[in-house]
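Notes to accompany the following structure.
The values are calculated or read from the model by the stated rules, or taken from the named source; none is laboratory data. Fair warning: this is a prediction, and the values are worked out from it, not measured in the lab. Cβ sites come from the backbone with ideal geometry, for glycine too, and all protein chains shown count toward neighbours. Each accessible area value is taken on the protein alone, full model and side chains, heavy atoms only, with ligands, DNA and RNA left out. Shrake-Rupley method; radii C 1.70, N 1.55, O 1.52, S 1.80 Å.
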Amino acid sequence: MTDPLSALEPHLALWRSHPEEFVRQVIGIEPDKWQVEALRLVRAHDRVALRSGHGPGKSALLSWLILQTLIESILERKTCKVPCTAPTSHQLDDVLWGEISLWHRRMAEPFKSLLVVKAEKVEVVGLEATNFAVARTARREQPEAFQGFHAEKLLFLGDEASAIPEIIFEVG
């Protein structure tokens, strides 16, 4: 019997070279020009920092990266962890996780059904222990909260990174 996901594997090559196509095809929205550039920068570099004012869609962009990374891990058959942080629980829980929830609801099938969004975690169905994104508020007194994340595919994300204590980046 053929794996139903194998039919989706050709999308991987396109999404790797043009990550904005994931946003268009799976989430169903047209990213802004700067978001396309940012998606491509994340693909091409180990560390990327984006600077902008309030309201242009940075948290939406981060949520798309989280969803895309998890979906790609399924198709690539790789373990995947996406530790996410922000300087406040409001930014992490209400803003970033709110965006994840919003865009997850808009995802096309079968992709939507492959992920479960929880209060502080997004899990790949059937791979909950090895493939997930997790929310951890950045606290100077608890930098160890970001230690020990290991996976074949690993993406650390910081929302409002300028307010995240430097030691968090050193530990992660």
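Of the residues His104, His90, only one is modelled with pLDDT under 95, assigned to a helix (DSSP H, G or I) and closer than 24 Å to Lys58 by Cβ; which?
The match here is His90.
Taking into account only those residues within region 102-129 that are of a type in the set (Asp, Glu) and open to solvent by 60 Å² or more (accessible area, probe 1.4 Å), which is farthest from the chain's Cα centre (by Cα)?
Looking at the filtered set, the residue picked out is Glu109.
Can you name every residue in region 64-73 that is open to solvent by 10 Å² or more (accessible area, probe 1.4 Å) and touching a strand residue (DSSP E or B) at 6+ places or on another chain (Cβ under 6 Å)?
Thr69, the sole residue that qualifies.
Do we find a residue being open to solvent by 20 Å² or more (accessible area, probe 1.4 Å), closer than 18 Å to Ile100 by Cβ and modelled with pLDDT under 95 anywhere in region 3-13?
no
Would you pick out the residues in region 18-48 that are modelled with pLDDT under 90 and either touching a strand residue (DSSP E or B) at 6+ places or on another chain (Cβ under 6 Å) or open to solvent by 70 Å² or more (accessible area, probe 1.4 Å) (or both)?
Within region 18-48, Arg43, Ala44, His45, Asp46, Arg47 qualify.
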